[in-house]
Structures are given as structure tokens and as C-alpha cells.
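Data block below; observations after.
The values are calculated or read from the model by the stated rules, or taken from the named source; none is laboratory data. Since the structure is predicted, the reported quantities are computational estimates derived from the model, not experimental observations. As a convention, Cβ positions derive from the backbone with ideal geometry for all residues, glycine included, and neighbour counts pool all protein chains shown.
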Amino acid sequence: MVLLILSILTAVFLLWSSKKQSIYYASFWVEALPVFWLVLMLFFD
């Protein structure tokens, strides 16, 4: 369940992305994905 949610979330972020994003926007989402994963693991397990 967690992997499915994270996969969908990643796909949505990829669809929203563009090549002209700021570096801070990109690095925020790269660093936020493991945090989302942890929160989902704690919530669902």
C-alpha cells in the first residue's frame, strides 16, 4: 500500500515537473520523498 501511494506521488511530481524548475524546488522534493515514505510507513504499519 505504501509503495503504491509513493509511486503515484512520484508519478504526479514527474508530470508536474519541467526543465526550468529552480534548484531549490527540485532538491526539496528529492529530500521530501524519504520523509513521506517514513510518515506513510509509520501511519500504515
Exercise. Within segment 2-25, identify whether any single residue is touching a residue at least 40 places away in the same chain (Cβ under 8 Å) and either among the hydroxyl-bearing types (Ser, Thr, Tyr) or assigned to a helix (DSSP H, G or I) (or both), and answer yes or no.
Key: yes
Exercise. For segment 7-29, enumerate the residues that are under 21 Å from LEU42 (Cα atoms) and modelled with pLDDT of 90 or more.
Key: SER7, ILE8
